[in-house]
Amino acid sequence: MNILISFAVGLIFGLGLIVSGMSDPAKVLAFLDLAGRWDPSLMMVMAGAIGLGFFAFRFGRLRKTSLLGRPMQIPTLRNIDKRLVAGSALFGIGWGIAGICPGPALVLVGSGASKGVIFTLALIAGMSLFELTLKQHRQ
Amino acid sequence: MTIDWNQFTPLSALLGGLLIGLAVTLMLLFKGRIAGISGIVGGLLQRPQNGDLAWRATFILGLLLAPVLYGLFAPLPGSRIEADTVSLVLAGLLVGFGTRLGSGCTSGHGVCGISRLSPRSLVATATFMLTGFTTVFAIRHLFA
């Protein structure tokens with residue numbers, strides 16, 4: 001059940017990325033290009049996703065366990081630190097270069113785009129690099 | 001600012017956004033978790049504890065198979081990747097490292113975080129939008 005739900009959620013998420021246009025890097029870049037011919041579509045994607053998500057989290061917060069009996073694991077951190085801002089800044093630069101963020105990267109791999117595979121391999125390398133630096137930092 | 005009305009697809013964008021919202025809702029209600037893709041992928045690179053590996057892997061499998069399922073019913077919408085290989089590698093490294101350092105990406109901070117009005121996610125989203133806008137401006141209008 002646990003695995004089936006995860007699979008279904010991944011599938012629905014991926015379909016949402018395709019239908020919305022988020023899995024088309026050129027469309028994402030057209031949204032990020034405020035000074036060019038601006039495509040505001042991504043605003044509508046956010047509106048749809050957050051519009052539903054807002055109510056989901058209001059309801060979710062009232063519960064102690066999930067429908068599968070798991071403890072609710074909604075993040076509780078509140079501090080805004082250098083790590084949050086620096087990481088997000090680097091992510092935005094990479095997003096602006098290629099127009100691809102992690103979800104669409106996986107959808108592009110699934111659709112057989114070789115450039116999507118190159119991006120995703122680099123993405124995994126970047127994440128692994130982070131794990132390595134974190135480990136060294138802790139030692 | 002010029003709005004490109006020919007490329008503006010409000011209905012499909014809204015519908016796709018609702019599907020993403022549905023995925024976020026199901027993840028929260030059934031698993032009590034945030035549907036943050038960088039976190040789910042990154043968690044596989046740490047040593048996953050028992051039972052942690054399977055749900056992460058099947059979620060990713062679902063994402064990978066979404067275009068295959070879509071393709072059974074309709075031709076996949078075009079996706080144009082304009083960046084060359086060197087840019088793709090640089091971008092991938094930055095997105096991978098940055099999302100793990102900043103604890104989230106467009107899904108975890110942008111959708112889930114803003115949905116629950118998290119101050120951290122509001123700051124994260126404002127930051128990556130700002131550097132995203134700035135990077136595209138620099139590439140397309142300053143150095144082009």
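The values are calculated or read from the model by the stated rules, or taken from the named source; none is laboratory data. Nothing here was measured: the structure is a model prediction, and the numbers come from that model. Cβ sites come from the backbone with ideal geometry, for glycine too, and all protein chains shown count toward neighbours. Accessible surface areas use protein heavy atoms only, side chains included; no ligands, DNA or RNA. Shrake-Rupley method; radii C 1.70, N 1.55, O 1.52, S 1.80 Å.
Would the range B:39-54 turn up any residue that is in contact with a Gly (Cβ under 7 Å, 6 or more places away or on another chain) and under 27 Å from residue A:24 (Cα atoms)? Yes; the residues of the range B:39-54 include at least one that is in contact with a Gly (Cβ under 7 Å, 6 or more places away or on another chain) and under 27 Å from residue A:24 (Cα atoms). Being more than 7 Å from chain A (Cβ to nearest Cβ), modelled with pLDDT of 95 or more and outside any helix (DSSP H, G or I) is a condition met by at least one residue of the range B:30-41. Being surrounded by 18 or more Cβ atoms within 10 Å (Cβ to Cβ), in contact with a Leu (Cβ under 9 Å, 6 or more places away or on another chain) and at pLDDT below 95 is the requirement here; does residue B:62 meet it? No; evaluated as a whole, the condition is false for this residue.
For the range B:39-46, indicate whether the set of residues that are free of Cβ contacts under 8 Å to residues at least 12 places away in the same chain and in contact with a helix residue (DSSP H, G or I) (Cβ under 7 Å, 6 or more places away or on another chain) is non-empty. Yes, the range B:39-46 has at least one match.
Residues that are at pLDDT 95 or above and among the acidic types (Asp, Glu) do occur in the range B:84-95, at least one of them. Applying the condition of being open to solvent by 10 Å² or more (accessible area, probe 1.4 Å) and in a loop (DSSP other than H, G, I, E, B) to the range B:102-117 and asking which residue is farthest from the other protein chains (Cβ to nearest Cβ) yields B:117. For the range B:65-80, taking the residues that are at the interface with another protein chain (Cβ under 7 Å from one of its Cβ atoms) and not in a helix (DSSP H, G or I), the one that is surrounded by the most Cβ atoms within 10 Å (Cβ to Cβ) is identified as B:79. In the set (1) surrounded by 23 or more Cβ atoms within 10 Å (Cβ to Cβ); (2) out of contact with any helix residue (DSSP H, G or I) (no Cβ under 7 Å at 6 or more places or on another chain); (3) charged (D, E, K, R), residue A:39 fails one condition alone, (2).
From the list B:134, B:127, B:99, the one residue that fits, being more than 18 Å from the chain's Cα centre (by Cα), in a helix (DSSP H, G or I) and either surrounded by fewer than 19 Cβ atoms within 10 Å (Cβ to Cβ) or at pLDDT 95 or above (or both), is B:134. Scan the range B:90-131 for residues that are out of contact with any Phe, Trp or Tyr (no Cβ under 9 Å at 6 or more places or on another chain), in contact (Cβ under 8 Å) with a residue 12 or more places away in the chain, within 21 Å of residue A:30 (Cα to Cα) and among the small types (Gly, Ala, Ser) and the total you get is 0.
So that you can scan it fast, the table gives a plain yes or no per residue for (1) under 30 Å from residue B:89 (Cα atoms); (2) within 7 Å of chain B (Cβ to nearest Cβ):
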{"site": "A:55", "(1), (2)": "no, no"}
{"site": "A:61", "(1), (2)": "no, no"}
{"site": "A:68", "(1), (2)": "no, yes"}
{"site": "A:71", "(1), (2)": "no, yes"}
{"site": "A:78", "(1), (2)": "no, yes"}
{"site": "A:82", "(1), (2)": "yes, no"}
{"site": "A:85", "(1), (2)": "yes, yes"}
{"site": "A:90", "(1), (2)": "yes, yes"}
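Scanning the range B:106-144 for residues that are over 24 Å from residue A:36 (Cβ atoms) and of a type outside the set (D, E, K, R) yields a total of 15.
Could you please give the count of residues in the range B:87-96 that are surrounded by fewer than 24 Cβ atoms within 10 Å (Cβ to Cβ) and β-branched (Val, Ile, Thr)? Counting residues in the range B:87-96 that are surrounded by fewer than 24 Cβ atoms within 10 Å (Cβ to Cβ) and β-branched (Val, Ile, Thr) gives 1.
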